[in-house]
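Taking it in order: structure first as structure tokens, then the write-up.
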Amino acid sequence: MTVRTALRGDLLDFTGDPGWQVDAGAAVRFRPDHWLLIDEAGRCAGAQPGDRPPDAWLGQNGRKVDRRGHLITPGLIDTHVHAPQIDVIASFGTELLEWLNTYTFPAERKFADPEEARRGSRLFLDALLACGTTSALVFPTVHKVSADALFEAAADRNMRVLAGKVLMNRHAPEGLLDDVDQAERDCVELIERWHGRGRAAYAVTPRFAATSTPEQLAMAGRLCAAHPGVYLQTHVAENRAEVRWMAELFPEARSYLDIYVRHGLVNRRAVFAHGIWLDDTDRAVLREAGAAIAFCPSSNMFIGSGLFDWGQAEAQGVGVCLGSDVGGGTALSLLRTLADGYKVLALQGQKLTAWKALHAATLGAAEQLQLTHEIGTFQPGTLADLVVWDWAQGPVAQRRHEVARDLHEQVFAWMTLGDERYVVSTWVAGRERYCRPGVAPTLDRP
Ligand code: GUN
Ligand code: ZN
């Protein structure tokens, strides 16, 4: 239990989808120099102008935290990232399939060791917090202990983590393979232990269609059907050689996505990473199911996968959220990821506004995950997961910030020039869980 807190700064969140216009109207809620009121349960309770003292609301024990001149946003939501891949971030010279075999599979084997899985999970979640990410949909490894370790580390930090043991029973090296029956038992046990406990949720996690037999994919579909509240995460249509391989492995399927359809894996709680090489029929299927694509621009560029066409996804009504996809991606920072997203769209003649980008990493993701009652905004009643940011750092960004002519210019420059170094502090459910070295931490008691 924390005390009542009033946190002062420039509050920015969304009340709806801002669309693709720079002038997004009421969907963008900017409240410069306001107090954000956070109650004893760590939930947002409202906001009031900075010149209206919150003392009466705070009562005797409440505390004021003054971050005037700083931007405050809801905690960011990463909808596609791999906890064990810190060890392979920035690996040279390969595309997806070679990258998996050369770097990623060997690294993931280490998480068979519970101690290593715990160490890696703590490092990973602390790194997310240091980037301003408070919620994430995460792949651990095939090892059951890796899922337990991740959920335990998330519970220690009270973070909203959605995850599940990776399913893979073929086309991977010894030490990274499960089998259908044991995997099913492990998943059921993990669902019973973690799903809905604190802020944890279970996500059925077949790695991708190539590393599961049809029998295992069918088992994953049964898990989704038997446990309607669980999520589903996997990869789809990321890389052209991968797409060709899927056609060989599943000749009966119309497309790569159709493999998942046939096994009951495309649903409202499903998030498919990448989706670069989908066709119109696939997108219609996703829209119909209410499933989303996690756009992972830094990964898509770094391992040479291709340019995701967000405009086309939007035109066909498919939900899009953001993923860092570390270790294919080169930064856990979703700010950097958004800046990369802008460039990927620019190469296709599309213009990603700061509003559309930031919305996708906050309220948009919360809507897709059906968690708007808890995360994504400063709406009263939601948990106060939030980030205090510098608006700018260094003479170049500072100057750019000062000459910006309107709010969109300011936020766009912040998004484009900023990264984890801009994070002053990160709060989870009303408690400061990360504070930049050199900044005086906010203590829990006044
Ligand atoms: N496809 C299957 N596994 C992976 C992975 O770990 N990273 C990415 N980017 N794509 C994948
Ligand atoms: Zn991935």
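The values are calculated or read from the model by the stated rules, or taken from the named source; none is laboratory data. On a predicted model such as this, the values are computed, not experimentally measured, just so you know. We place every Cβ from the backbone using ideal geometry, glycine too, and count neighbours over all the protein chains shown. These area figures cover heavy atoms from the full protein model, side chains too; ligands, DNA and RNA do not enter into them. Shrake-Rupley method; radii C 1.70, N 1.55, O 1.52, S 1.80 Å.
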*Please tell me if residue 70 is closer than 30 Å to residue 137 by Cβ, surrounded by 20 or more Cβ atoms within 10 Å (Cβ to Cβ) and in contact (Cβ under 8 Å) with a residue 60 or more places away in the chain.*
no
*Name the residues in the stretch 247-282 that are buried (at least 21 other Cβ atoms within 10 Å of the Cβ), out of contact with any strand residue (DSSP E or B) (no Cβ under 6 Å at 6 or more places or on another chain) and in a helix (DSSP H, G or I), would you?*
259, 260, 282
*Qualifying positions in the stretch 73-117 - farther than 25 Å from residue 270 by Cα, open to solvent by less than 60 Å² (accessible area, probe 1.4 Å), hydroxyl-bearing (Ser, Thr, Tyr) and more than 19 Å from the chain's Cα centre (by Cα)*: 91, 94
_Within the stretch 386-419, considering residues that are touching a residue at least 12 places away in the same chain (Cβ under 8 Å) and of a type in the set (S, T, N, Q), the one surrounded by the most Cβ atoms within 10 Å (Cβ to Cβ)_ = 410
*Which pairs have Cβ atoms under 6 Å, sit 6 or more apart or on different chains, and link a residue in the stretch 200-212 that is touching a residue at least 24 places away in the same chain (Cβ under 8 Å) and over 19 Å from residue 155 (Cα atoms) to one that is open to solvent by 10 Å² or more (accessible area, probe 1.4 Å) and within 12 Å of ligand 2 (Cβ to nearest atom)?*
208/235
*How many residues are among the hydrophobic types (A, V, I, L, M, F, W, C), farther than 18 Å from residue 283 by Cβ and open to solvent by 10 Å² or more (accessible area, probe 1.4 Å) if we restrict to the stretch 311-330?*
0
*Give, as residue ranges, the helices (runs of 4 or more DSSP H) completely inside the stretch 288-353 that count at least 1 residues that are of a type in the set (Lys, Arg) and modelled with pLDDT of 95 or more.*
334-346
*For the stretch 80-172, which fully contained helices (runs of 4 or more DSSP H) count at least 2 residues that are in contact (Cβ under 8 Å) with a residue 60 or more places away in the chain and over 25 Å from residue 436 (Cα atoms)?*
96-99, 105-109
*From 264, 306, residue being free of Cβ contacts under 8 Å to residues at least 60 places away in the same chain and of a type outside the set (Lys, Arg)*: 264
*For the stretch 102-152, which residues satisfy the criterion of being in contact with a strand residue (DSSP E or B) (Cβ under 9 Å, 6 or more places away or on another chain) and of a type in the set (Asp, Glu)?*
108, 126
*May I ask you to verify whether residue 23 is in contact with a helix residue (DSSP H, G or I) (Cβ under 9 Å, 6 or more places away or on another chain) and under 24 Å from residue 428 (Cβ atoms)?*
no
*Could you give every pair whose Cβ atoms fall below 8 Å, whose first residue belongs to the stretch 224-243 and is in a helix (DSSP H, G or I), and whose second residue is within 11 Å of ligand 2 (Cβ to nearest atom), counting only separations of at least 6 or pairs across chains?*
241/96; 242/96; 242/208
